[in-house]
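Okay, so here's the structure we're looking at.
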Amino acid sequence: MIATIVRRSFANRKKAAALMIASITFGTAIASSLIVISMEIGGRVSRELRAFGANILVEPEIEGMADLSGQRRYLRYEDIVRAKTIFWRHNIVGIAPFLETDAEITSNGKSEKVGLIGSWYYKELPLPGETGTFPVGIKTVSPWWSLSGKWSDSADNIVIGSSIASEFSVKPGDRIDVDGTPLKISGTLDSGGIEDRQIFMDLESLQRLKGAGGKISKVLVSALTAPMDTFAYRDPASMSKAEYEKWYCTGYVTSIAKQIEDVFKGSKARPIWQVAGTEGKVLKRLKVLVYLLCLMTLAASTLGVSTTMIMGLVQRKEEIGLMKALGAGSEKIALIFVTEGIMIGLAGGLFGYLLSVGASQYIGTKVFGIALEQRAMLLPMTMAGAACVSIAGTVLPIKKAMEVRSAVILKGEQ
Amino acid sequence: MKVLSRFEIRRFLFFFARSVSQRKGRVVIASLSVMLAVAMVTALAGINSGIREKLGAELKAYGANIIVSPRNGDSIEAAALDKIRGIQHVEDASGQVLGKVFIGGYAIELIGLNIDRLKYSGWRFIGDRPAKRNEVLAGIDLRDALRLAPGKTLSLESNGGKADFIVSGFVEKGGPEDSSIIMSIEDAWELTGTNNVFSAILVRGEPGKLDGIARDIVRDVPAVAAKTLRQVASAEESLLSKMQLLMTLVTLIALFASTVSVASTVSANVFERKKEIGLMKALGGSRSQITLFYTTEAVIIGLSGGLSGFIAGYLSAQAISRGAFGSFIHLPQWMILLSLAMGLSIALTASHFPVRGAMRYDAAAILRGE
Amino acid sequence: MGSADEFIKLRCVSKEYATASALRGIDMVVEKGQWVSVVGPSGSGKSTLLNIMSGLDNPTSGQVVIDSTDITAMKEDEMARFRREKIGFVFQQSHLIPYLNAVENVMLAQYFHSIADEREAADSLERVGMGHRIDHKPSQLSGGEQQRICIARALINSPQILLADEPTGNLDRENTRKILELLNRLYSERQFTIILVTHDPFVAQWGRRTITMEDGKIIRDEYR
């Protein structure tokens, strides 16, 4: 009987039912789009924040005053790939090794002592112990650097910083004397920082040239991290075993740095706080923001769906009054309308979910250039949520209608 | 619509008031749903208008995005600092003194700066910040190399002379600062034997306006070079504009979706009154009389929903801003007009179509209940 | 079972609305199986009396006892159960669910009572002469036809009491006669108690007893 009633009622009130479903569809769509966004925002934004540059600096360990003022110590070249073996290896999105030396450049009778840096611009190294490769080089840690021309591929050519290029009036293709040897300029580099006053050579070529085989002076690492909280700022040395475990297995910038330090022999790995500290704060703020927005839309659309259901039922008071006069108990009346409510809710939830997939995909591609990951889990959740809300929106007005004397309703005095 | 006489207006208002008071439940529900939509969109738009400023304030911690350095010689007159602070779009500027000091014969970098500003520029402190003259901070590498502890006295030598300093705490930055001594500008001047000069001025300009600021600095301050730090500048601009875009799209989608959602609720209100409309027609009500009736109701629903929606939206925007950024947000004044307009247009459009539809029906058919 | 002599008993029943009194101290006893017509000018309190007997409305004071049960003390859901067990209703307006067809409207009452049985519902329509219209929606039926469906619906659960409020008020003489003949036939078959409110003497004369009301009071109570 319920099936008949509900079916007939929908068939007869197609427009009204369609309006209700539409209302719930769009209400749910906003809420579930925001849920998708709030689940994805952390990951997306922390990737965006990587544009601020490396957040971990690996340098040789300092053992005495001599190390501080000039005496060179080095890291081992072969440890670079080991950074991709740590617990949080998948969070490491960029690695750039540097060998720092000096050189005197001369061109058109003008000379200057500048830093000669060995590094890679962009290349892929094989993953240790796995198939596949991972990207390394300056481009992976400092995406804002722009190279015009080509990167140095041997000891015969170099890349020069943009300030030097304009000062010496040279351009890619020209030659410049480096420590007395004329080298070809393969490209110029514009970083907007001190690197504009340095010259660059392929890492291995510079190692050979300077007789520093297997040595590097520092490594910059760009890693996706979890926002720092009070716990993260504690000194790991003072932690209990369980706390240390928790700290080690949370992707804090400090714990990732610690893990990197462990794989680079004789190193000290430190968060670059200017980047890492701000990153955590910005990330946390944005997460809270989107989370609150999500709550707000959830509340608004919950109430919205309820008003839709209430509006639908208020108009059927007469029907309810008649049913009551026929001797229907409140459960039976409620059952009829709740069934209708559930079906409307489920339909609205389904369409709303589909709509939200479209909306969040659009937002993802538009803002982050990549579609947001959809979670199939959200479909049953949305449908169940919409159904629950529409049940709530049904029960209330029915209760109200049950309180009103049928005699009043049936006489038409609403 | 023809101009109504005063009598007609009064009669209209009488019937209108009767109708609304008989159906206040529905009118309240309809304006409640308009309110919800308006509140959501108002809050989103409010956050949207403030997100740049709020996030920008967070990004300040990335520090200076323009570095002003001397073009000739090795110092900038202190007066340049005030000039730079006066340039448009400059949010903050502070001077730095760089030098060398010797500790037990080893040369160490010395950085003199305005200690109060340290907290904004992404340093991590261990121990206390210097509270008075002759207190200094040591970089964390220096601490490890010298096995320093807070309160320890350091004897520093420079071309200006020699003095004892007390280490109040340590800093970690993840850069060359980690092996330096950091002290107040006044101490640095005294120690290095200089006065009222800076080695560099660090400028924090509004993201997106940096090139203009750098140009203005070079024009207004003699003998300096200004360099924008692209690392900070471009990443900031990109992040801010992405977040702004995100908020704008979310707002637009919410605007669209909640409009449709609410419009269907509100039009259900009129839709189910076909019978009433049929009756009015049967009683000889003209098209414009009937339309006026429902339009007035829609205006009331729209205005009350829009106004209460603005209030609810304003409060939620403030609550959200408070929660996310720890500060209130400034909502532009025109937002209230926007909210009212949104409420009105939802309610009017939503009741227009069903009324027009009902007008087209045969009154007899409606009254028979078909 | 209660006493057949005092099947329905009203004691000092009054009903006051905010502005006026509809009933002023009604005392009345109806025997089981009686057909009572309640007449009186409009506003005399006939319909209120009916609504109170069915529990659709509460008296301001007084007591209504039906089949030895005091219904004035009942809770809403007990009242609903009582109604579906004991009472059938016919209204002036047909009050059918517009989106259900004739047989489904009858089945709805069955459903509320116990279990919907389409065959039984169709039979009942057959008995009121609507067997050929079971698939029609209310809007496709005439007023007389709608009232027949209402009668079928009212009697489907074999109630002991049929309450009818101006059941022929919207009908012409010819249809009125047909409906009353139908009611009379069903009444003699099943012997339920009928209380029928009307202002039409032609309709009133079908009952054995006529109660006349005026101004919320019973002014005459005659048997034929």
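The values are calculated or read from the model by the stated rules, or taken from the named source; none is laboratory data. All values reported here derive from a predicted model rather than from experimental measurement. Neighbour counts are summed over all protein chains in view; Cβ atoms, including those assigned to glycine, are modelled from backbone coordinates with ideal geometry. Only protein heavy atoms, including side chains, enter the accessible area calculation; ligands, DNA and RNA are left aside. Shrake-Rupley method; radii C 1.70, N 1.55, O 1.52, S 1.80 Å.
Listing for the model above:
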| read-out | value |
| --- | --- |
| Fraction of accessible area attributable to carbon and sulfur, the stretch B:209-330 (%, probe 1.4 Å) | 67 |
| Descending Cα extents along the principal axes, chain C, whole Å | 46, 37, 35 |
| Translational diffusion coefficient (Stokes-Einstein; Kirkwood radius from C-alpha pairs) of the stretch B:65-228 at 25 °C, 0.890 mPa s, in µm²/s | 150 |
| Theoretical gain in end-to-end length, A:Lys150 to A:Arg72 [0.36 nm per residue, Cα-Cα removed] | 25.1 nm |
| Along principal axes, Cα extents of the stretch B:203-317, largest first, whole Å | 89, 24, 24 |
| Label-point gap, in nm, between B:Asn114 and A:Thr230 - each point 7 angstrom along Cα→Cβ | 3.2 |
| At R0 = 35 Å, FRET efficiency that the Cβ-Cβ distance of A:Thr131 and A:Cys249 yields, to 0.05 | 0.85 |
| Relative contact order (%) - chain B, alpha-carbon pairs under 8 angstrom, separation at least six | 27 |
| For the protein assembly as shown, the Rg and Dmax computed from alpha carbons only, in angstrom | 42.7, 139 |
| For chain B, average projected area of the Cα convex hull in nm² | 27.0 |
| Fraction in percent of alpha-carbon pairs per bin - 10 Å, the stretch A:62-191 | 11, 35, 30, 20, 4, 0 |
| Segment B:Arg287-B:Leu252, extension gain: residue separation times 0.36 nm, minus the distance between their alpha carbons | 9.0 nm |
| Alpha-carbon centroids, the stretch C:43-92 and the stretch C:95-156: separation in whole Å | 24 |
| Cα-Cα pairs of the stretch A:108-156 separated by more than 13 Å (percent) | 71 |
| Mean separation of Cα contacts under 8 Å, 6 or more apart, over the residue count of the stretch A:55-271: relative contact order % | 31 |
| Using a Förster distance of 25 Å, the FRET efficiency for A:Ala242-B:Ile126 (Cβ separation, nearest 0.05) | 0.55 |
| Burial of 40 Å² or greater, the stretch A:131-175 residues [accessible area, probe 1.4 Å, versus chain by itself] | A:Trp144 |
| Calculated FRET value between C:Glu214 and A:Glu403, using beta carbons and R₀ = 41 Å, to 0.05 | 0.80 |
| Exposure rule at most 15 other beta-carbon atoms within 10 Å, DSSP loop GluC sites (Glu not before Pro): chain C longest free segment | C:32-224 |
| Interface area, B with A, accessible, probe 1.4 Å, both sides summed, Å² nearest 100 | 6500 |
| Inverse mean reciprocal Cα-Cα distance (Kirkwood Rh) of chain A, Å | 26.4 |
| Inter-site label distance for A:Thr365 and B:Ala225 at 7 Å from Cα along Cβ, in nm | 4.6 |
| Percent RCO, i.e. relative contact order, over chain A, from Cα pairs under 8 Å lying at least 6 residues apart | 25 |
| Aspartates and glutamates with Cα under 13 Å of A:Lys15, excluding same-chain neighbours fewer than 8 positions away | B:Glu272 |
| Taking only Cα atoms of the stretch C:86-207, radius of gyration then Dmax in Å | 13.2, 39 |
| Spherically averaged projected area in nm², based on the convex hull that wraps the Cα atoms of the stretch A:55-271 | 13.4 |
| Mean-position separation - Cα centroids, the stretch A:171-197 and the stretch A:333-358, in angstrom | 67 |
| Extension gain, C:Asp221 back to C:Asp123 (0.36 nm per residue minus Cα-Cα distance, nm) | 31.6 nm |
| Computed over the stretch C:42-147, Kirkwood Rh from alpha-carbon pairs, angstrom | 15.6 |
| Fraction of antiparallel bridges per DSSP, the protein assembly as shown only, in percent to nearest 5 | 70 |
| Distance in nm between pseudo-label sites at C:Lys75 and B:Trp334 (7 Å out along the Cβ direction from Cα) | 6.0 |
| Equivalent ellipsoid dimensions for the stretch A:253-320 as semi-axes, Å, which come from the Cα gyration tensor, largest first | 56, 12, 4 |
| Candidate lysines for bridging to B:Lys162, where Cα separation is under 21 Å - those fewer than 8 sequence places away on the same chain excluded | B:Lys100, B:Lys132, B:Lys152 |
| At least 30 Å along the helix axis (C-alpha) and Kyte average at least -1.0, DSSP helices within chain A | A:14-49, A:273-314, A:330-368, A:378-403 |
| Assigned charges on the beta-carbon of Lys, Arg, Asp, Glu; chain B dipole about Cα centre (debye) | 2720 |
| DSSP-loop trypsin sites (Lys or Arg not before Pro) across the stretch A:173-250, with at most 15 other Cβ within 10 angstrom | A:Arg234 |
| For the protein assembly as shown, size of Cβ-based charge dipole, Lys and Arg +1, Asp and Glu -1, in debye | 2920 |
| Overall dimensions of the stretch A:226-369 by Cα: Rg and Dmax, Å | 27.1, 88 |
| For the stretch B:204-245 versus the stretch B:129-176, the gap between their alpha-carbon centres in whole angstrom | 33 |
